[in-house]
Structures are given as C-alpha cells and as structure tokens.
Amino acid sequence: MANALLQPARLDVLRQLAEPRSCPQVAAALGLTTSRVHYHVKVLEKAGLVERVAERRVRAVVEGVYQAAARSYWLSAGLVGRLGGARASREVASHEYLFGLAEAEATFGITAEVDLPTDRRAEFLAEAQAALTALAERYGAAPGGARAAYRLRAACYPVPRPEGVTR
C-alpha cells in the first residue's frame, strides 16, 4: 500500500478522491491528462486505497466514479497529509497532529480503548486528567541532580463507528 502512495501525483489524485469523482474531473482539477489520472486511480484501486462507487454513461463511454476507501490513512502525517477536503473536521486535524507527534522520538507510548457508559464520560475524563496532572506535578517538582525535560500529551476522543452502528 505504501508503494502506491510514494508518488506525489498519486497522492494528489487520492486527495481529490475524498469525494466521489470521475477521472476527467480529477484530471481537470489537477491539470493532468485523463489517461494519466486513470493510470494512478487503477494503481490506487489495486492497492485497496480507492473504490469504484458508481458509473455513468457519457456519450458512448461508461465512466467510472471513484472515491478514497477511507477518510484518512496513517502511514505518516507528512507522507499522506490530510484527506477529506470539505468533509474533514477539526477532530481529524487534531488526530493528525497527535499522529505526527507519535512519529517523533518518544520515550514510551500508550494506546487504550475504553468503552464508557455515556453517563460516566465526564467522570472518567476528569479522573484521567487529574491522574496525569498529579503525576506531572509530582515528578516535575522533584528535587535531584541531572534533569531532562519531557513533554506529555494525552488525548481522548470517540472511536468512529460506521453510520447506524451503536454499542
């Protein structure tokens, strides 16, 4: 999959396909030939990054309409960048920022999924924030010899679920 994205024009095509579009539409937006865009779309489709979502007849030709298979791909925030165009929200941008931080040299990392009852969400978040704040205060103020500064960032965000799926 990464090999399919290691070509700048292909990344541009994938970004254009955040919304359903035909190859001629993408070509016009990027200033490329339709055949060049079609080639890139087929490579992305074979890698599972793009799906044919519709087709339409334009004169005597059946034209495919394609769309990115996901709203974002986490290979590298610098490599892929943000997909989604108008659909992208502030939360997506925040996630990308955190993913970018994870690519930096880190001492440790933690990932957990907590299935919270909605009526206990605020309680959980307050307790998690208090625990991390207390830990940072306890060690940040500790006397001692040699010192090294560390930055701690934590985030809690809802897990995206397919439309209509609830738990």
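Given the options LEU83, LEU75, LEU79, name the one that is of a type in the set (A, V, I, L, M), part of a helix (DSSP H, G or I), modelled with pLDDT under 70 and closer than 14 Å to LEU14 by Cβ.
Selected residue: LEU79, the only one of LEU83, LEU75, LEU79 that is of a type in the set (A, V, I, L, M), part of a helix (DSSP H, G or I), modelled with pLDDT under 70 and closer than 14 Å to LEU14 by Cβ.
So the check is Cβ under 6 Å with 6+ separation or different chains; which pairs have a first residue in the range 7-22 that's within 20 Å of GLU63 (Cα to Cα) and a second one that's part of a loop (DSSP other than H, G, I, E, B)?
ARG15/LEU83; ALA18/LEU83; ALA18/GLY84
Just checking, does the range 103-112 include any residue being modelled with pLDDT under 85, surrounded by 10 or more Cβ atoms within 10 Å (Cβ to Cβ) and over 30 Å from VAL26 (Cα atoms)?
Within the range 103-112, one or more residues are modelled with pLDDT under 85, surrounded by 10 or more Cβ atoms within 10 Å (Cβ to Cβ) and over 30 Å from VAL26 (Cα atoms).
Taking the range 8-31, which residues are out of contact with any Leu (no Cβ under 9 Å at 6 or more places or on another chain), crowded, with 18+ Cβ neighbours inside 10 Å and not in a helix (DSSP H, G or I)?
The answer is ARG21, SER22.
The values are calculated or read from the model by the stated rules, or taken from the named source; none is laboratory data. Given the structure is predicted, the values throughout are model-derived calculations rather than measurements. Using ideal geometry, Cβ is built from the backbone for each residue, glycine included, and neighbour counts are taken over all protein chains shown.
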